[in-house]
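Engineer: One structure, pasted below without further comment.
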Amino acid sequence: MSIYISGIGVSKGIAIGEAHLIARETIDVTKETLPASEIRAEIRRFKRALKLANSQLHDIKKKIAQNTADDILVFIDTHLLMLEDPAFDEGTIANIKRFSCNAEWALQIQGERLVQVFDEMEDPYLRTRKDDVLHVVKRIQTALLGQSEDSENISYKGKIIVADDLTPADTIMMQHQKIAGFITEYGGPLSHTAILARNLGIPAIVGLHHARSLIHRGETLIIDGLAGTVINSPGKKSLKYYRAVRRDEIAKRNLLNELSGKPAITLDGKQITLHGNIDKPADIRTIKKYDDTGVGLYRTEMLFIELNQWPDQQTHLKTYKRAVKALKGKPLTIRTMDLGADKEIQDTIDHGPMAHNPAMGLRAIRRCLKEPQDFMPQLLAILRASAFGPVRIMIPMLTSTNELTQVLALIEDAKEILKKKKIAFDKKIPVGAMIEVPAAALAADAFASKLDFLSIGTNDLIQYTLAIDRIDDEVNYLFNPLHPAVLRLIQMTIDAGKKAGIPVSMCGEMASDTSYTRLLLGMGLEYFSVQANALLEVKHIIVNSKINNLQDEVKQIMQIHDSDEITSRVQQLVNLL
Ligand code: PEP
Ligand code: MG
């Protein structure tokens with residue numbers, strides 16, 4: 001009899017294959033008290049285990065380096081960095097000395113301490129990094145027992161792996177053996193293993209508790225990585241159905257791949273600009289995997305977060321030059337830092353007693369204008385990077401033209417400094433603004449008259465228009481890009497740009513969601529900046545749309561007051577050619 005079970009789908013796709021259960025031994029760590037004379041030897045044993053774990057990871061990297069993109073190898077590097085971090089090394093050695101205990105125990109309590117640090121972090125992505133700590137602890141514990149964690153000698157081809165948890169290294173090694181998919185009992189959508197599965201295109205389900213008791217070795221499984229469902233021992237009808245779905249998926253993927261490198265032109269001949277969003281220069285490789293295109297949003301605050309401080313001019317410049325070089329002549333839109341709200345570093349700014357609502361606080365350009373001397377290195381570096389390829393400056397969170405006047409004056413100051421020092425930069429560097437606060441959308445014509453481009457940040461525009469904290473799960477259900485107020489603000493911005501003769505893009509998540517592509521085309525949007533993995537799907541809709549046929553219908557949609565009715569009319573746009 002077949003049964004249906006479900007977990008969290010983290011990487012879409014249908015996989016059909018034989019279940020391969022991985023029963024990893026849990027390492028039982030008990031405390032052993034050692035005599036003082038054995039402490040030095042125990043420390044040496046721990047260092048040997050660290051070295052072994054390190055060389056195992058280097059070996060894996062060597063084995064896969066040739067056929068693996070750098071953005072995948074980086075997951076192994078994260079574990080290598082953790083292995084080399086004094087928090088593991090010195091912390092564990094200090095525990096061995098302090099408690100006169102065995103290395104396994106000393107490492108265990110050090111691991112728990114680090115897990116607690118990550119657990120207390122507010123950022124859900126950083127909180128998930130505790131999984132990496134646990135993986136690294138397990139690898140060293142296994143090495144202390146003189147064992148190897150890696151299973152490259154077992155054949156996994158075409159199998160669906162069912163495990164308690166998988167490390168990123170496991171996932172990469174298994175992908176090399178062409179596994180069909182995987183299911184884990186633990187983990188969440190932000191774990192590195194889940195992110196990797198998405199990058200590698202492996203259908204995957206995580207958080208399926210007791211999977212290894214519910215599923216038996218050798219059983220046939222069907223997994224749906226989008227819905228998060230598993231059917232074990234499926235009947236003939238289910239197999240037939242899911243094989244057909246999988247065939248369609250593969251055909252669609254091949255069709256999308258054919259669009260790579262082709263222009264995004266609608267059926268009635270309108271050329272649409274389609275760029276990607278990045279957080280760091282290395283993300284350009286991911287963009288290039290899908291399409292040879294430029295960057296419409298580079299979120300530079302990630303550089304601040306990595307360093308946990310405001311970078312100096314040289315660090316900014318080195319990073320931006322790397323991005324410009326990687327783009328080989330395609331445009332790079334550098335957004336000045338947007339720290340604050342959900343993206344924070346421990347800086348020295350006094351946020352005052354009322355900073356309970358950081359999304360409305362000293363965020364992004366407000367913070368830069370408060371500390372112009374700290375902002376200047378970034379402006380200088382962006383200008384200097386523009387000497388090496390097409391660069392645009394984009395300002396986040398502008399609310400009033402008064403702020404814009406101050407920013408433009410600072411940019412002029414930066415240009416003067418460079419001119420005096422005879423340092424090259426693009427004298428005509430385009431300067432644009434994100435429209436992500438309702439006030440800016442309502443006054444978009446005023447901004448458009450002073451700028452070279454506008455870019456609609458729907459993530460914040462929706463948050464501020466509908467008064468919904470975008471990171472608060474409790475009100476997530478109210479987050480609605482199709483609320484008539486949101487649509488009107490988007491329309492006002494597009495129209496203001498058209499009137500002023502400047503381009504208007506959209507770089508918020510709404511641009512990456514193909515259910516809105518036709519609506520946006522009908523509203524007159526001609527520039528989309530999307531997540532790398534949405535590039536070809538959005539292009540597919542663009543090249544199969546006729547803007548002339550969409551405009552009248554979209555005009556009518558803009559008159560509707562009820563969100564549900566808008567949603568159903570937007571869904572029907574799919575049926576229009
Ligand atoms: C947005 O607000 O839509 C946007 C693109 O910026 P971020 O998500 O970085 O706030
Ligand atoms: Mg924003």
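The values are calculated or read from the model by the stated rules, or taken from the named source; none is laboratory data. Fair warning: this is a prediction, and the values are worked out from it, not measured in the lab. Positions of Cβ are backbone-derived with ideal geometry, glycine not excepted, and every protein chain shown enters the neighbour counts. What goes into the accessible areas is simple: the full protein's heavy atoms, side chains included, and nothing from ligands, DNA or RNA. Shrake-Rupley method; radii C 1.70, N 1.55, O 1.52, S 1.80 Å.
Engineer: Relative contact order for the range 36-144: what is it in percent, counting Cα pairs under 8 Å that are at least 6 residues apart? Each step should come with its number before you reach the end.
Structural biologist: Details: 83 pairs, mean separation 36.5, N = 109.
Once normalised by length, the contact order is 34 percent.
Engineer: Additional query: Taking only C-alpha pairs under 8 Å that are 6+ residues apart, what is the relative contact order of the chain in percent?
Structural biologist: Numbers: 1042 pairs, mean separation 77.5, N = 577.
With pairs under 8 Å counted, the relative contact order is 13 percent.
Engineer: Output wanted: per-residue J couplings in Hz (rounded whole) for the range 368-379, from phi through Karplus 6.51 cos²θ - 1.76 cosθ + 1.60, θ = phi - 60°, x for Gly and Pro.
Structural biologist: Coupling constants for the range 368-379: 5, 6, 6, 10, x, 5, 7, 7, 3, x, 5, 4 Hz.
Engineer: For the chain, what does -39500 (n - 2.57) per DSSP helix run (n ≥ 4), summed and divided by total residues, give at 222 nm, in deg cm²/dmol to the nearest 500? Don't skip to the answer; put the middle values down first.
Structural biologist: Values: 24 runs with 280 residues, N = 577.
Calculated mean residue ellipticity at 222 nm is -15000 deg cm²/dmol.
Engineer: Rank-order 190-198, 112-120 by packing density, defined as the average count of other C-beta atoms within 10 Å over each peptide's residues, highest first. Spell out each step's value before the answer.
Structural biologist: Working: 190-198: 23.0, 112-120: 14.1.
Averaged packing, sorted descending, gives the order 190-198, 112-120.
Engineer: Now for a separate question. Go through 213, 100 and list them by solvent-accessible area, largest first, probe radius 1.4 Å.
Structural biologist: Numbers: 213 80, 100 40 Å².
Greatest to least solvent exposure: 213, 100.
Engineer: For the range 77-131, state what percent of all Cα-Cα pairs lands in each successive 10 Å bin, counting from 0 Å until the bin that includes the largest distance.
Structural biologist: Pair shares across the bins are 24, 48, 25, 3.
Engineer: Evaluate E = 1/(1 + (r/R0)^6) for residue 213 and residue 409, where r is the Cβ-Cβ distance and R0 equals 51 Å; express this FRET efficiency to the nearest 0.05. Please report the intermediate quantities before stating the final value.
Structural biologist: Working: r = 66 Å, r/R0 = 1.30.
FRET efficiency, residue 213 to residue 409: 0.15.
Engineer: Cα to Cα, under 17 Å, and not fewer than 8 places away if on the same chain: which aspartates and glutamates meet these conditions relative to residue 157?
Structural biologist: Straight-distance partners of residue 157: 18, 170, 219.
Engineer: Based on the alpha-carbon gyration tensor of the range 36-144 and its eigenvalue square roots a ≥ b ≥ c, which shape applies: rounded if a/c is under 1.5, prolate if not and a/b is larger than b/c, or oblate?
Structural biologist: oblate
Engineer: Now for a separate question. Which translational diffusion coefficient, to the nearest whole µm²/s, is obtained for the range 310-435 from the Stokes-Einstein equation, given a Kirkwood hydrodynamic radius over C-alpha pairs, 4 °C and 1.567 mPa s? Please report the intermediate quantities before stating the final value.
Structural biologist: Values: Rh = 15.2 Å.
This corresponds to a translational diffusion coefficient of 85 µm²/s.
Engineer: Hey, another quick one. Could you give each residue of the range 7-15 its phi-based ³J(HN,Hα) in whole Hz, using Karplus coefficients 6.51, -1.76, 1.60 with θ = phi - 60°, and x for Gly or Pro?
Structural biologist: Working through the residues one at a time gives x, 9, x, 10, 8, 5, x, 9, 10 Hz.
Engineer: Oh, and also: Take the residue pairs 178/330; 262/330; 31/138 and return only those whose Cα atoms are more than 24 Å apart. Could the numbers behind the result be given before it?
Structural biologist: Values: 178/330 34 Å; 262/330 15 Å; 31/138 16 Å.
From the list (178/330; 262/330; 31/138), the Cα-Cα distance tops 24 Å for 178/330.
Engineer: May I have the extent of the alpha carbons of the range 378-497 along their three principal axes, as whole Å values ordered from largest to smallest?
Structural biologist: 53, 29, 25
Engineer: Can you pull the Kirkwood radius for the range 267-574, inverse mean 1/r over Cα pairs, to one decimal in Å? Walk me through the numbers on the way to the answer.
Structural biologist: Numbers: mean 1/r = 0.0503 Å⁻¹.
Radius from the Kirkwood sum: 19.9 Å.
Engineer: Which entries in 51/288; 289/546; 63/343; 289/420 show an alpha-carbon gap greater than 32 Å?
Structural biologist: Numbers: 51/288 36 Å; 289/546 28 Å; 63/343 36 Å; 289/420 41 Å.
In this structure, 51/288; 63/343; 289/420 lie more than 32 Å apart at Cα.
Engineer: Measuring from the lowest to the highest alpha carbon on each principal axis, how far does the chain reach, largest first, in angstroms?
Structural biologist: Over the chain, Cα extents along the principal axes are 78, 66, 45 Å.
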